[in-house]
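Chemist: One structure, as structure tokens, below. Some questions next.
The values are calculated or read from the model by the stated rules, or taken from the named source; none is laboratory data. Fair warning: this is a prediction, and the values are worked out from it, not measured in the lab. Glycine also receives a Cβ, built like all others from the backbone with ideal geometry; neighbour counts cover every protein chain displayed. Just so you know, the surface numbers come from the protein's heavy atoms only, side chains and all, with ligands and any DNA or RNA stripped out. Shrake-Rupley method; radii C 1.70, N 1.55, O 1.52, S 1.80 Å.
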Amino acid sequence: MKSYSQQSGEIGEFSDLPFWKKANSVDLAYVTYGLLVVTLVIASYLLGAFKLLPHDPQDIDLELMMAPPLTPKHVLGTDFMGRDMLSRLVVGIQAYFLPGLLAIFIALFLGTILGVLAGYRGGKFDTVITYLTNLIDSFPRLVLILLVIAAFKPDIYVIMLVVGITNVPAVASLVKGKILFLKQKNFIEADIALGLPTGTIILKHILWHNCRSILIIQATLGMAEAILMETSLSYLGFGVQEPTPSWGNMVLAGSNYFMKGQFWPSTAPALAILFTILGFHLLGDGLNNILEGKRDK
Amino acid sequence: MKLTAIRPVGIVLVRELSLTMLLLLGVSALVFLILYLSPGDPFSVLLEGQSLSEEARSGIRQAMGIERSWYGQYFHWVSGMVRGDFGASVRTGLPVLSEVLRTGINTLILTLGSLLVTLLIAAPIAIRSAMRGMSKATWSFTILSYVISALPVFWLGYIVIYFFTHKLGLFPLAFGFATGAKKWLYLLLPIFVLGIGNGTISEVIRTLREEMGRVMEEDYIRTARAKGASVWKHAFKEGFLIPVTEIIAAKIPFILGGAVIVEQVFNWPGMGRMAWQAAQDRDYPVIMGIAIVAAVLVRLGSLFQSVVYVMVNPRASKE
Amino acid sequence: MMAEPLLAIEDLRTYFYSRSKRAFIRSVDGVSLAVAKGETLGIVGESGSGKSITAMSVMGLVSAGPGVISGRIGFRSDRVERQLLEGLDTCVALRREGGRVMAVEKDDDRWAGQVEKNMTGIRGREISMIFQNPKQSLNPFETVGRQITEAIMLHTSHKIEQEAKEKAIEWLDRVKIDSPRLRFDNHPFGLSGGMCQRAMIAMALSCEPHLLIADEPTTGLDATIQSKIVDLLAELKSELGITTMLISHDIGIIGRLSDTVAVMYGGTVVESGPAKDVLSCSPEGKHPYTAALLASIPSSDAVREKGHLQAIEGDVLDTINIPAGCRFYGRCSRVTDKIREKCDKQEPDLREIASGRRVRCWLYFE
Amino acid sequence: MSKTILEVVDLKKHFTHQRGIFSALQEKMRSIPAVDGVSFYLKENETVGLVGESGCGKTTIGRTILRLERPTSGKVIFDGRDITLLSTDELRGLRGRMQMIFQDLDAALNPKMRIRDILTEAIGVHHRLTDAETEKRIAELLDQVNLKKSKLTNFPHELSGGEKRRVGVARVLSVGAQFIVADEPTSALDVSIQAQVVNLLRDLQKRLGLTFLFISHDLRVVELMSHKVAVMYLGKIVEMGMSDKIARAPHHPYTHILWSSLTEKQSREVAKRAVSVQAGRWGVFDFERPAAGCRFAPRCPVYESKGRPAVCTEPATEPQLVELDGGHRVACHFPL
């Protein structure tokens, strides 16, 4: 059952509604949830950075191991060494937050430059960039990262640099596609014919007016990817090492107890991963639908 | 297939293969570059911990071709690969190629199987919602797919293992050591886990729905409806077949990455687990070999896509 | 006198929905038309006048948004007699306020099912349709021949592929396509726009339907090709005597092919009648819109003298903001003081002012 | 005698297919029939119409004249300077004087900018003005194109087709252009709006002394707008002359067919003419490889009626534009 209704009985100019009013309610729900997660992540990051935690995440309390959630003083319980779960989860954000931002920055920055070169200049640039894109896409990401790990034993920032680089092709092709679309509509050509400086056309008309929403969307999806990558690597034992908490190594550490029926130590960080990644995904897709009008029909 | 359709396929094959060669050259150069830039030289690991005289060390190095200039080393390595010699594992001493191929088969089965699982789940939801509009059922499936896509695959693996082994007692823990028919049976579990847990289901649903939705708006679909023909039949090629092959080609790298984790969780003797082990041991020849083989798999996926595209789209074959 | 109608449309309303404005786009807003057997009805109007949507509503091809919300479409040939909108009203619930539809509730699934039920045996077999953009309207993945063969096998007694193929080639020849046997195996991209339109016509006629709906069949084609397609349609019409509903914004084409003409403006019919009366040059007894439209086309005289064109001031009616009075009031130059009040406040209905001629204008009503 | 503002000399533009190993990676380049040696000139305050079927290269000529496309060879002399030789910066200075109205209604309009911003930006490109002066200029432009002031706060997609076209024209005028290439300015518009735009353009020409190159496939509009008309067929001009001569006394069979298709479509009786156009079984044309000799020969009724003379299909004897009388030029061996 679908319903449609006119906003008022008055006959007059029906002017365009602001974008949040014409958005699908589902998309709004997506974005609301996503923004909630983003706020939580940023707040937790700051709390962790300033050490505003209920407990020291390294504090071992052998009296109180494997406490279930809602234990007094430990809202989310404790792990197998009696460390406060909530504090560890909050501190775990440190493991991916700044590195993730780095990955996003690299992807957006390089991706935009390459996308503009390929789309706006075309020709040889396009050929070379397409080749590089194909080259990077030929590696399964995790394999490439394992290769880098084997070579350098790097820290998480270098790994995120690689994650960022592997995301460059996606951003570049989106920007390129948008530019080709605008070109096809003769929009860029009209600007050239008017005599606008190339810088204005690219920075203002193309990037600022027409690409900012796809870049924001890519940034949110990039964060989801960074979290996934960090947790996966920590799980594999290559990321953040114990005792410093990261969601990935918390799941790994808890896994030994999982098979014995003690679910909580690995389930809590897993749920944190689940709800956070879900938030970034929904935010990205919701914004895509609202800002790019993907669901308007 | 008509004879006229074979020629364009051949052209595309030649073109894609030459492109693949070019890309593999790039891949090998990049792999080499990473290792060349790494601290120490690629083979110092081998010599670590052995008390040898300086002379003996350089002797071994010479024998391995390390004393050459960088391009000499690269050429030596690439020409070895072309002959099928990927070197030997530093840890086990076994030849890399046969090891990677042996484990690669397991990974290939895992990858393709889970792709199939993903598509079998995603396609019906996507197609239905594109052709009939979103209903309550498709909505709830879509939301569910988002949740599933955000699940960390290793944790999903634990749940499944716990449930099947501890509760139902159906599967043993040591998946890798099963043989014969049992092996295939045990493979189902990781395939299923990777299939739904690879984080791409929501994206696949979205892509398929968008593509199908776009095709449904095409003028020729309107014509098909106006003449009373089956819409599905007319929309199939552009709205389903082509996007599905595109998804397969695009998702292979992701799923290969996911396989690293799933193989780890299930203790499955595949290429991913081998890569993990090699990264632990800094076993360069192995991980180089795996990177190359993985790249070949990715390129094969894209080759498959191009061939299907040309076979389906008469316009492309005109080029 | 009018022959028995093959297709009778009564008070058809097809709405779409603008999400960005939270308002209905009243594309078709109370259209009544009849197509008599054997004649060609030309529907002329500018973009947004609802002429194409009317045709799509007849074919049940409107699916987005609220869609067809009310009206009746009766189809009656010697083979079938059917109400094409039967049961659709039970799938939509309307809420009206002061005679205006304010909200629509639509059960999409049931609606789609009902449309399919109503249209089986009609689409392609009884009514077939050709569109503008012939190149895009043919399936780019199939050969032209297979697409025609498919239609023949679906709707005629030729169920064997070989037989249907022969029939298809025969039709390709009939629409004057060069070397039809060769073209049979061509894909649409290998053919020019004009050839694709010929193929479309062949496909539409190959099932020997009772009614052909031609929706802007020449739009987007080159002038020289346009005249060829019009020639072909004229020839086929005299050969087959097929009932046709011809939709175009090009008055030249409408004038050449139609027996009766309906002029649409802002989602409704403002004038209808025999072609030669409606499209004659004198403004006598015409709706002011029709008269102004005819005057705005550069006539040979105007072109020769390089004079000023007679433009209709103002803009094409925005079918979201339909005024309460006459839809053309804002642009009309023939409003007199006597009727001004009425034009502004009350919409005139379509009345017969002479035999077969109907006009929707206060000017002619006493 | 007014002075010549633009001269095009033997202009050629060839598009090539992309070939090579990377072609698999790239979007295929569409091959458009080339402009193949076109020469004409425009005098100040004059309109030259360019007609022809789609794909004959008329839009390419317009784009090449404005150097939106680099010509393969030939000269485009604007105000005494060959613009094919100018650097990008020199060209940018010149853009204030030559402009293009694009066929696509949305072409000039950034979808994310309000009309006021679009015009303000355009005014600022070539002239430094204070806010008050800009405001005054915008008011002046709105008045010139007859657009309501209230539309300034709208976004392009909120405007109707006619209004978009007016904004496009205003933007072109805002830089103070004297020479304007108008590429199918009326083709996407409704009949009632078309007349408004034609009137507007002709008004502007009178008031501002503009020079137009008017590209269109609508023969009546071209005839109405233009002083002279050039008829193109597959990259070449086949006939050129005063517009009424072209329309009513054409010498090239193709021109004849073009104009007679116009009347034929409208009158029930096919006009009896010197050449009757065969009820067409026209073959397929290879637009990418025009026929040797006269390009029109495969479709030409005169060629058929004369028994397919060899001179029409010899590559060496491709017909050249020859002056017949009073500046009327035609490229045909057997002019009507």
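Chemist: Name the single residue, out of those in segment A:183-207 being at the interface with chain D (Cβ under 9 Å from one of its Cβ atoms) and of a type in the set (A, V, I, L, M), that is farthest from A:Asp137 (Cα to Cα).
Modeler: It comes out as A:Leu194.
Chemist: Could you check segment A:264-276 and list, in sequence order, the residues that are at the interface with chain B (Cβ under 8 Å from one of its Cβ atoms) and of a type in the set (A, V, I, L, M, F, W, C)?
Modeler: A:Ala270, A:Ile273, A:Leu274, A:Phe275
Chemist: Follow-up question, since we're still on this one. Can you pull out the residues in segment A:245-293 that are free of Cβ contacts under 8 Å to residues at least 24 places away in the same chain and either in contact with a strand residue (DSSP E or B) (Cβ under 7 Å, 6 or more places away or on another chain) or outside any helix (DSSP H, G or I) (or both)?
Modeler: Within segment A:245-293, A:Met259, A:Lys260, A:Gly261, A:Phe263, A:Gly293 qualify.
Chemist: State all residues of segment C:114-143 that are among the charged types (D, E, K, R) and open to solvent by less than 10 Å² (accessible area, probe 1.4 Å); if no residue qualifies, say none. Show your work before the answer.
Modeler: Going residue by residue through segment C:114-143, those that are among the charged types (D, E, K, R) are C:116-117, C:123, C:125-126, C:135, C:142.
If the condition is that a residue be among the charged types (D, E, K, R) and open to solvent by less than 10 Å² (accessible area, probe 1.4 Å), then C:Glu126 is the only one that fits.
Chemist: Hey, D:Leu129 hits all of (1) part of a loop (DSSP other than H, G, I, E, B); (2) open to solvent by 10 Å² or more (accessible area, probe 1.4 Å); (3) within 13 Å of chain A (Cβ to nearest Cβ) but one; which does it fall short on?
Modeler: Failing condition for D:Leu129: (3).
Chemist: C:Asp301: within 14 Å of another protein chain (Cβ to nearest Cβ), of a type in the set (Asp, Glu) and either touching a helix residue (DSSP H, G or I) at 6+ places or on another chain (Cβ under 7 Å) or surrounded by 15 or more Cβ atoms within 10 Å (Cβ to Cβ) (or both), yes or no? Step through it out loud before you land on a result.
Modeler: On the way: within 14 Å of another protein chain (Cβ to nearest Cβ): yes; of a type in the set (Asp, Glu): yes; either touching a helix residue (DSSP H, G or I) at 6+ places or on another chain (Cβ under 7 Å) or surrounded by 15 or more Cβ atoms within 10 Å (Cβ to Cβ) (or both): no.
For C:Asp301, the condition - within 14 Å of another protein chain (Cβ to nearest Cβ), of a type in the set (Asp, Glu) and either touching a helix residue (DSSP H, G or I) at 6+ places or on another chain (Cβ under 7 Å) or surrounded by 15 or more Cβ atoms within 10 Å (Cβ to Cβ) (or both) - is not met.
Chemist: Any residue that is facing chain B (nearest Cβ under 10 Å), in contact (Cβ under 8 Å) with a residue 60 or more places away in the chain and closer than 29 Å to C:His249 by Cα - is there at least one of those in segment C:192-200?
Modeler: Yes, the conditions are met somewhere in segment C:192-200.
Chemist: Are any of the residues in segment B:18-38 modelled with pLDDT under 65 and open to solvent by less than 30 Å² (accessible area, probe 1.4 Å)?
Modeler: no
Chemist: Can you find a residue that is outside any helix (DSSP H, G or I), facing another protein chain (nearest Cβ under 10 Å) and open to solvent by 20 Å² or more (accessible area, probe 1.4 Å) anywhere in segment B:223-237?
Modeler: Yes - at least one qualifying residue is present in segment B:223-237.
Chemist: The conditions are (1) open to solvent by less than 50 Å² (accessible area, probe 1.4 Å); (2) at the interface with another protein chain (Cβ under 9 Å from one of its Cβ atoms); (3) under 20 Å from D:Val221 (Cα atoms), and C:Gly314 fails exactly one of them. Which is it?
Modeler: (3)
Chemist: Select from segment A:89-133 the residues that are buried (at least 24 other Cβ atoms within 10 Å of the Cβ) and of a type in the set (Ser, Thr, Tyr) and list them in ascending order.
Modeler: Scanning segment A:89-133 gives a single hit, A:Tyr96.
Chemist: Here is a follow-up. State whether one or more residues within segment C:141-163 are in contact (Cβ under 8 Å) with a residue 24 or more places away in the chain, in contact with a strand residue (DSSP E or B) (Cβ under 6 Å, 6 or more places away or on another chain) and within 14 Å of chain D (Cβ to nearest Cβ).
Modeler: Checking segment C:141-163: not a single residue is in contact (Cβ under 8 Å) with a residue 24 or more places away in the chain, in contact with a strand residue (DSSP E or B) (Cβ under 6 Å, 6 or more places away or on another chain) and within 14 Å of chain D (Cβ to nearest Cβ).
Chemist: Show the residue pairs that are 6+ apart or on different chains and have beta-carbon atoms under 7 Å apart, the first residue being within segment A:95-121 and more than 20 Å from A:Thr244 (Cα to Cα), the second being in a helix (DSSP H, G or I) and aromatic (Phe, Trp, Tyr).
Modeler: Note: pairs meeting the criteria are A:Leu102/A:Tyr157; A:Leu117/A:Phe125; A:Ala118/A:Phe125.
Chemist: Moving on. Could you check segment C:61-102 for strands (runs of 3 or more DSSP E) lying wholly inside it with 3 or more residues that are open to solvent by 20 Å² or more (accessible area, probe 1.4 Å), over 16 Å from C:Pro209 (Cβ atoms) and within 14 Å of chain A (Cβ to nearest Cβ)?
Modeler: Correct list: C:92-97.
Chemist: Among (1) in contact with a helix residue (DSSP H, G or I) (Cβ under 6 Å, 6 or more places away or on another chain); (2) not in a strand (DSSP E or B), there is one condition D:Glu53 misses while meeting the rest; what is its number?
Modeler: (1)
Chemist: Take D:Leu105 and decide whether it is closer than 28 Å to A:Leu207 by Cα and either open to solvent by 60 Å² or more (accessible area, probe 1.4 Å) or outside any helix (DSSP H, G or I) (or both).
Modeler: The answer is yes for D:Leu105.
Chemist: On the basis of being at the interface with another protein chain (Cβ under 9 Å from one of its Cβ atoms) and either open to solvent by 60 Å² or more (accessible area, probe 1.4 Å) or modelled with pLDDT of 90 or more (or both), does B:Leu188 make the cut? Spell out how you get there, then give the answer.
Modeler: On the way: at the interface with another protein chain (Cβ under 9 Å from one of its Cβ atoms): no; either open to solvent by 60 Å² or more (accessible area, probe 1.4 Å) or modelled with pLDDT of 90 or more (or both): yes.
Against the criterion (at the interface with another protein chain (Cβ under 9 Å from one of its Cβ atoms) and either open to solvent by 60 Å² or more (accessible area, probe 1.4 Å) or modelled with pLDDT of 90 or more (or both)), B:Leu188 does not qualify.
Chemist: Does segment D:126-135 include one or more residues that are within 27 Å of D:Thr59 (Cβ to Cβ) and either at pLDDT 90 or above or among the aromatic types (Phe, Trp, Tyr) (or both)?
Modeler: Looking only at segment D:126-135, we keep the residues that are within 27 Å of D:Thr59 (Cβ to Cβ), and these are D:126.
Those still in the list that are either at pLDDT 90 or above or among the aromatic types (Phe, Trp, Tyr) (or both) too: none.
Looking for residues that are within 27 Å of D:Thr59 (Cβ to Cβ) and either at pLDDT 90 or above or among the aromatic types (Phe, Trp, Tyr) (or both), one finds none in segment D:126-135, hence no.
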